Amino acid sequence: MNFAVRLMPISWKYWGNSILLKTSIGDSGPISVPEPYKWTWAGPEEINFLDRHSEATSPTAYARRAARGDRCLCIKQGGEIVGYRWLKLGTGCILCGFGTNMEITLFPLKPGQAFSYDLYTYRKYRGQGVATMLNNLLYHVLREEGLKEVLALVSLANHAALRLNLRFGAQPQRLVYSYRIRGWSKAFLGPEGDTRLAEWTQQFKPNLVPCLSHADLA
């Protein structure tokens, strides 16, 4: 999520515009990652790694997410995490795990849906296809658990994440406008069938190449 943030004498203020994407989970190959990587759900050791890492967006947010039941899928090389992606059931959110004074609840999820957020590859491992591996793994695991759709919010400014999601078949649903002023926060969903979304999508699609399945990557 790409937010504009200003620290004012009276309060924190921020706002952000994002696209709500929905990906239908199809059949996929066996769960595997190419050497030298391995994958795991984050446990106490991995959560501690995330919270202590110098690139942590909000130290301690990861522990709060895990404590309430959100799950984090990690790809590791040896004892080091190279990338991760979080997911939750029940509701979508903005600034997930940043604390009750920061997090904004978006909307309830329907049966068979999951909300995925905070897809991240640590800087020294970028350019190695880690995000693609994480997406493949996450969709396969959720499919095995009986889930059918994954919702995600992606900033309008994050072109790399938008392209990645579209390559996996994500469909833009709505624009989402989020605000916080002092203790007040609110997220507004734009209308369905927004012509701006259709025009935007066409700008990306001509250059997209479908992602390989994990069986192809292994």
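Below, the figures for the structure above:
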{"read-out": "Any hit, segment 74-94, residues being in contact (Cβ under 8 Å) with a residue 40 or more places away in the chain, farther than 27 Å from residue 31 by Cα and surrounded by 22 or more Cβ atoms within 10 Å (Cβ to Cβ)", "value": "yes"}
{"read-out": "Residue in segment 63-76 that is at pLDDT 95 or above, closer than 14 Å to residue 122 by Cα and not hydrophobic (A, V, I, L, M, F, W, C) present", "value": "yes"}
{"read-out": "Whichever residue in segment 14-40 is open to solvent by 70 Å² or more (accessible area, probe 1.4 Å) and assigned to a strand (DSSP E or B) and, among such residues, is modelled with the lowest pLDDT", "value": "15"}
{"read-out": "Within segment 193-215, considering residues that are surrounded by 10 or more Cβ atoms within 10 Å (Cβ to Cβ) and small (Gly, Ala, Ser), the one modelled with the highest pLDDT", "value": "198"}
{"read-out": "Residues of segment 160-192 that turn out to be at pLDDT below 75, of a type in the set (Gly, Ala, Ser) and either within 30 Å of residue 36 (Cα to Cα) or open to solvent by 70 Å² or more (accessible area, probe 1.4 Å) (or both), as a count", "value": "1"}
{"read-out": "Answer residue from segment 102-151, given it is open to solvent by 40 Å² or more (accessible area, probe 1.4 Å) and of a type in the set (A, V, I, L, M) and is modelled with the lowest pLDDT among those", "value": "102"}
{"read-out": "Segment 105-119 residues that are more than 26 Å from residue 83 (Cβ to Cβ), paired with ones that are of a type in the set (Val, Ile, Thr) and assigned to a strand (DSSP E or B) (beta carbon under 9 Å, 6 or more apart)", "value": "105/91; 105/94; 107/91; 108/91"}
{"read-out": "Enumeration of residues in segment 46-72 that are open to solvent by 80 Å² or more (accessible area, probe 1.4 Å), within 26 Å of residue 147 (Cβ to Cβ) and in a helix (DSSP H, G or I)", "value": "64, 67"}
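The values are calculated or read from the model by the stated rules, or taken from the named source; none is laboratory data. For clarity, every value in this text was computed on a predicted model and none was experimentally measured. Neighbour counts run over all protein chains shown; Cβ positions are idealised from the backbone, glycine included. For the accessible areas, the whole protein counts, side chains as well, though only heavy atoms, and no ligand, DNA or RNA atoms are used. Shrake-Rupley method; radii C 1.70, N 1.55, O 1.52, S 1.80 Å.
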